Structure formats: C-alpha cells, structure tokens
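Here the structure comes first, spelled out in structure tokens, and everything after it is commentary.
The values are calculated or read from the model by the stated rules, or taken from the named source; none is laboratory data. The structure displayed is predicted, hence computed values, not measured ones. When we count neighbours, we look across all protein chains shown, and the Cβ atoms used for this are built from the backbone with ideal geometry, even at glycine. Accessible surface is based on the protein model in full, side chains and every heavy atom, while ligands, DNA and RNA are left aside. Shrake-Rupley method; radii C 1.70, N 1.55, O 1.52, S 1.80 Å.
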Amino acid sequence: MKELLEINHLSTYFDTEAGTVKAVDDVSLRVKRGETVCIVGESGCGKSITAMSVMGLVEGPAGKVVGGEIGFDGRDLLKLDKNELRTIRGHDIAMIFQEPMSSLNPVLTIGEQLIEPLVEHLKMSKKAARKRAIELITEVGISRAEQIAGSYPHELSGGMLQRIMIAIAVSCSPKLLIADEPTTALDVTIQAQILDLLRKFKEESNMSILLITHDLGVVAEMADYVIVMYSGKIVEEGEVVELFENPKHPYTRGLLKSKPVLGRRQDDLYSIPGQVPNPLDLTPSCYFHDRCESCMAVCQTKEPQLKAVADKQKVACWLYEEAVVHV
Ligand code: SF4
C-alpha cells in the first residue's frame, strides 16, 4: 500500500426486513498524503457510509462491511481489533460531522472535550492539555478562549461549534481528516470561514482530507481529486479541473448543470429528472438509466464498469465502451 488511504473493493451492506441494501458496493479509492479528495453525490449514494466504514463506525448487526480492504498507512483497518482501531481513530484519523451539536457531549465543557484526546492519545498531563486546549480554541479563530473553554456546547453558535469540532479533530495532528458535510448546516459566510480553516490546517501539517459533500461549490474550492457516487457505486472520478471542465458521465453533467450560477434566474435552474432508484429494487444495469437522456438498451440490462477515459479520469458508462459506441 503506497498511498495514505487505499480502499479496495469495499462493500458495506445493511440487512433490512425488506432485503439487503448495498449502501457501498465495490468501491475503490485512494487518498495521497496532503491531498484533498471529495466524494460527491446525492443523499443515499453511499458517500457517508464509505467514510463511516473507514472509521469503523458502521453499526451492526444490520450494517456490515462485507468485503474489501481499507488500507491506511500500510495497515488494513478491517483486520485491526477494537483497541488498535481506537488508537488510530482520533489520533491518526479524525472525523468531523455536519451537525457539531450532536457530536459534542452536552454535559461536558468545551475545554474538557478538547483535553480528553490530548491526554488519551498524546499522553499529555492535564495541565499541559488544558494549555494546549486554550491555544487550539484561539487557533480556530475564537476569541475569549478561556471563557469558551468553560462553556457548554449549547452556549455556542453553530459556526463556533464547528470550529471547536475542527479544533478537536486536528488536536492530535491526524494524518487524515474525514469531513462529512462539514458546512451544510452553516450559513454561507460561516461556510467560507470553515473551509478556510480546513485549508489552513491542511497546508500547515500536510494533512490529507477526505471531504464528503453534495455541494459542488465546496468541491470546486477544496478538491484536488473528485469521486462521484451514485446508488452505492463510483460512476466517475478524476482531477477536479478535468472533471469540472470535461465531465463524462451524464449524472456528473447533470450535477454540474444544476449548480446555481450568479445571474441565472432560479426558474431556469436545471434539475436531473426522476428519483434515485430504490436500493432494494436494483437489477444488473446502469442504476442511472431511468434518469438518463442518453440511455441505450444495454444500459438497462448490463452494469457498466469504471474504466479510464483519460490519463486521470475514469467513468462507468456504456457511452464510453467502444464495442457499444461503434455498433
Ligand atoms: Fe446513461 Fe447508459 Fe451511461 Fe448509464 S450507462 S449513464 S444509462 S448512457
């Protein structure tokens, strides 16, 4: 394993009374050191479950990683026991979520929640950890750090809480930060500040970021490399400039077309027709075929495989299979 994160053929399924949901199905991706990879797609496409699988947070017995490997810094996370995984989690890999309020403990002060990982993972004394906690609060741009350290989560705004989540996440200098929709619950000006903060910590420490988002504006701002997921599968991936300038998959094109543009009236905004298919009703096919304007007969009966269409761009679509294109 060469890259910091190497996910190979990951499959994470959920057993429900109605059948098995293949939330993540045969997904492979890489995150290099110091790189930001964005996973983009609609709700339910498997992007968050991919991140949760990396963190070992998929809850059984219904949810289970059923196949593949998750290589991190040379070790397969799926082969580690709970203690080994706990050591890596929070220290080498940290995660921030969309809703900081539900991630922080409401009965502990901000200071106590910052001190805990410093004592547990870095073996700092309580006194040194407290001093570092105050520094971290200042580093994420919050004034009156002493006072904030003594506050409880409900006393802070959403933007401040997300800054605190970032402070906790970077406190142990992780090699990889997983950020799951970190700006979705925030208003636009605060969103920009949070993205700036993530960039600052990334540049300072060569940290890698795996960013989960449905917001193409965030992708354009942050990503080096983009992965587009649909119904549990990767349908397109590539370097950000290439993918934005020359999207190949009809779903990626639809996503980019539906992005608001300054000066374009709201009622002219494009939306991809139809709905994401029911994950319990998937048959061998391109899962996007019901919504695709370019759908061909083969798309309804055979699944396209992810293949290279350019030096650093891959797509899973029958339009790019020569045998089909030239019939
Ligand atoms: Fe559309 Fe067919 Fe490509 Fe799927 S495989 S995106 S249905 S053209």
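Once you put a point 7 Å from the Cα of Leu85 and another 7 Å from the Cα of Glu59, both along the Cβ direction, what distance in nm separates them?
1.5
Multiplying the sequence separation of Leu122 and Leu269 by 0.36 nm and subtracting their Cα-Cα distance, what value in nm do you get?
Details: separation 147, 0.36 × 147 = 52.92 nm, distance 4.99 nm.
Net length gain for the segment: 47.9 nm.
In a shell of Cβ-Cβ distance under 11 Å around Ile212, excluding Ile212 itself, what net charge do Lys and Arg (+1) and Asp and Glu (-1) give?
Values: positive: Lys47; negative: Asp180, Glu181, Asp215.
Here the count lands on -2.
Give me the distance in nm between label points sitting 7 Å out from Cα along the Cα-to-Cβ direction at Glu112 and Glu321, one decimal.
5.8
Counting heavy atoms of the protein chains only and a 1.4 Å probe, report the per residue accessible area for the chain as a whole number of Å². Could the numbers behind the result be given before it?
On the way: 16170 Å² over 327 residues.
I get 49 Å² per residue for this part.
Within 15 Å, Cβ to Cβ, of Ile168, how many net charges do the neighbouring residues add up to if Lys/Arg are +1 and Asp/Glu are -1? Intermediate values should be presented prior to the final figure.
Details: positive: Arg89, Arg130, Arg132, Arg163; negative: Asp92, Glu99, Glu112, Glu116, Glu120, Glu135, Glu139, Asp180.
Result for the local shell: -4.
Using only alpha carbon pairs under 8 Å that are at least six residues apart, calculate the relative contact order of the chain and give it in whole percent. Show your work: numbers first, answer last.
Values: 586 pairs, mean separation 64.2, N = 327.
Worked out over the chain, it gives 20 percent.
If the chain between Glu155 and Asn105 were fully stretched, how many nm would it gain, using 0.36 nm times the residue separation less the Cα-Cα distance? Numbers along the way, then the final one.
Details: separation 50, 0.36 × 50 = 18.00 nm, distance 1.26 nm.
Computed gain between Glu155 and Asn105 is 16.7 nm.
Under a 5 Å amide H to amide H cut-off, with H placed in plane at 1.01 Å, what residues pair with Gly67 once short-range neighbours are removed?
Ser11
Considering only DSSP beta bridges whose two residues both sit in the chain, what percent are antiparallel, to the nearest 5? Display every interim value, and only then the final one.
Values: 31 of 50 bridges.
In the chain, approximately 60 percent of DSSP beta bridges are antiparallel ones.
Would you mind calculating the gained length between Glu17 and Glu239 on full extension (0.36 nm times residue separation, minus the Cα-Cα distance), in nm to one decimal?
Values: separation 222, 0.36 × 222 = 79.92 nm, distance 3.99 nm.
Stretched fully, the Glu17-Glu239 segment lengthens by 75.9 nm.
Can you give me the relative contact order of segment 104-173 as a percent, contacts being Cα pairs under 8 Å and 6 or more apart? If you can, show how the numbers build up before the last one.
On the way: 74 pairs, mean separation 31.1, N = 70.
Across segment 104-173, relative contact order equals 44 percent.
Summarise the accessible area of the chain (1.4 Å probe, protein heavy atoms) by the percent that is carbon and sulfur.
On the way: 8250 of 16170 Å².
Carbon-and-sulfur percentage of accessible area, whole number: 51.
With labels modelled as points extended 7 Å from the Cα through the Cβ direction, what inter-label distance (nm, one decimal) is found for Arg33 paired with Arg199?
2.4
Quick one: which residues, 5+ away or cross-chain, put their amide H under 5 Å from the amide H of Ser28? H built at 1.01 Å from N.
His9, Leu10
Return the calculated 222 nm mean residue ellipticity for the chain, to the nearest 500 deg cm²/dmol, obtained by summing -39500 (n - 2.57) across DSSP H runs with n ≥ 4 and dividing by the residue count.
-9500 deg cm²/dmol
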